[in-house]
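Take a look at the structure set out below.
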Amino acid sequence: MRTIRTKLLGIEYEGKENFLGGTRIAPSYIRWALESIEDYSPYLNGFYKPFKDLGNFHARWEWDSLKFARILEGCLKRHVDGRDRILFVGGDHFITYPVARALRAIHGDFAIIHLDAHLDRRDIFEGSRYNHATVMRRLEEEGFTIYTFGYRAFAKGLEYTTDRTFMHVIEPMKDILQEIRLPVYLTLDVDVLDPSVFPSVTNPEGGGIHFKELMEAIGLLKGRLIGADLVEFSPIVGDHYKSGVTAAILVRELLVALKYSAS
Ligand SMILES: [Mn+2]
């Protein structure tokens with residue numbers, strides 16, 4: 001029997017800084033929606049099954065963000081093998097912090113491709129340095145190389161842009177992927193999509209990319225991923241059914257892309 005290396009881990013975490021919340025319900029909602037979609041991806045020409053479902057990591061509501069991060073990071077370092085290709089389903093965007101730290105310990109250096117309507121580079125948000133609005137800044141401070149695509153809102157004076165932050169997606173991403181030799185980790189905040197495509201996010205920003213553009217972006221990453229996450233789907237806001245089925249399709253695409261990347 002061949003070893004199944006693509007895996008899915010739900011992470012039921014949302015920080016107390018979240019305005020509307022609901023993202024910790026997303027992993028279970030997406031699993032339910034997965035039952036209603038086809039197994040085959042016509043975009044990437046592959047099946048997302050078989051994969052191993054690792055279930056959900058449940059973060060207790062009273063935990064603070066650093067306690068959550070320390071526990072999840074430790075768990076991943078103990079249980080993840082270098083051959084595993086895991087899709088992490090959040091949860092809010094802070095989950096990328098412990099996941100990236102653990103994967104660096106397991107895989108060595110990689111570049112982070114960050115698709116998001118927001119930069120997530122505040123120093124402090126709602127009195128805390130560790131949350132969904134500060135996560136990319138913390139990771140950059142810790143030496144991670146992050147390329148952000150699709151941003152269209154930022155807190156000027158509190159956040160910063162660099163030559164690695166782009167409002168557009170496909171064209172700059174093609175250039176960057178030609179430039180870099182490192183393996184890639186994808187962090188996908190679903191609010192990079194236009195709210196008409198994916199309404200169930202807590203900070204919707206108009207002017208986002210459309211579904212097929214995101215499919216093209218995922219296609220560019222096929223074969224290069226050491227891991228990926230999908231974050232910020234909140235089934236308690238917006239049109240949860242439309243968003244949930246779209247999230248399930250994205251999970252399918254990401255699992256196929258990870259499968260092609262498995263060594
Ligand atoms: Mn965002």
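The values are calculated or read from the model by the stated rules, or taken from the named source; none is laboratory data. Computed from a predicted structure; not experimentally measured. With ideal geometry, Cβ positions are generated from the backbone for all residues, glycine too; neighbour counts draw on all protein chains shown.
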> Within the set of pairs 6+ apart or on separate chains, which have a first residue in region 151-171 that is in a strand (DSSP E or B), a second that is of a type in the set (D, E, K, R), and C-beta atoms under 7 Å apart?
Replying inline: A153/E205; E159/R121; E159/R122
>> Residues that are farther than 30 Å from Y29 by Cα and either at pLDDT 95 or above or not aromatic (F, W, Y) (or both): does region 85-106 have at least one?
In response: yes
> Any idea which residue in region 214-251 is farthest from the chain's Cα centre (by Cα), counting only those that are β-branched (V, I, T) and more than 15 Å from the ligand (Cβ to nearest atom)?
Replying inline: I236
>> Tell me whether region 39-54 contains one or more residues that are more than 21 Å from L186 (Cα to Cα), touching a residue at least 60 places away in the same chain (Cβ under 8 Å) and not polar (S, T, N, Q).
In response: yes
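Okay, residues lined up against (1) hydrophobic (A, V, I, L, M, F, W, C); (2) farther than 26 Å from P183 by Cβ; (3) surrounded by 18 or more Cβ atoms within 10 Å (Cβ to Cβ):
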residue: G223; (1), (2), (3): no, no, no
residue: D229; (1), (2), (3): no, no, yes
residue: F233; (1), (2), (3): yes, no, yes
residue: L250; (1), (2), (3): yes, no, yes
> Could you count how many residues in region 83-112 are under 26 Å from Q178 (Cβ atoms) and loosely packed, with under 15 Cβ neighbours inside 10 Å?
Replying inline: 2
> What single numbered condition from (1) more than 16 Å from the chain's Cα centre (by Cα); (2) away from the ligand (no atom under 14 Å from the Cβ) fails to hold for T165?
Replying inline: (2)
>> Given (1) without any contact (Cβ under 8 Å) to a residue 40 or more places away in the chain; (2) within 13 Å of the ligand (Cβ to nearest atom); (3) among the aromatic types (F, W, Y), identify the lone condition not met by F211.
In response: (2)
>> Looking only at residues that are surrounded by fewer than 19 Cβ atoms within 10 Å (Cβ to Cβ) and in contact with a strand residue (DSSP E or B) (Cβ under 6 Å, 6 or more places away or on another chain) in region 141-165, which one is modelled with the lowest pLDDT?
In response: A153
> Here is a list of conditions, (1) at pLDDT 95 or above; (2) in a helix (DSSP H, G or I); (3) surrounded by fewer than 21 Cβ atoms within 10 Å (Cβ to Cβ), and Y260 meets all of them except one; can you say which number that is?
Replying inline: (1)
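Conditions tested, residue by residue: (1) within 16 Å of the ligand (Cβ to nearest atom); (2) within 18 Å of the chain's Cα centre (by Cα).
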| residue | (1), (2) |
| --- | --- |
| R122 | yes, no |
| F125 | yes, no |
| F149 | yes, yes |
| A153 | yes, no |
| V169 | yes, yes |
| D175 | no, no |
| I180 | no, no |
| P183 | no, yes |
> What number of residues in region 87-126 are more than 18 Å from F166 (Cβ to Cβ) and without any contact (Cβ under 8 Å) to a residue 40 or more places away in the chain?
Replying inline: 8
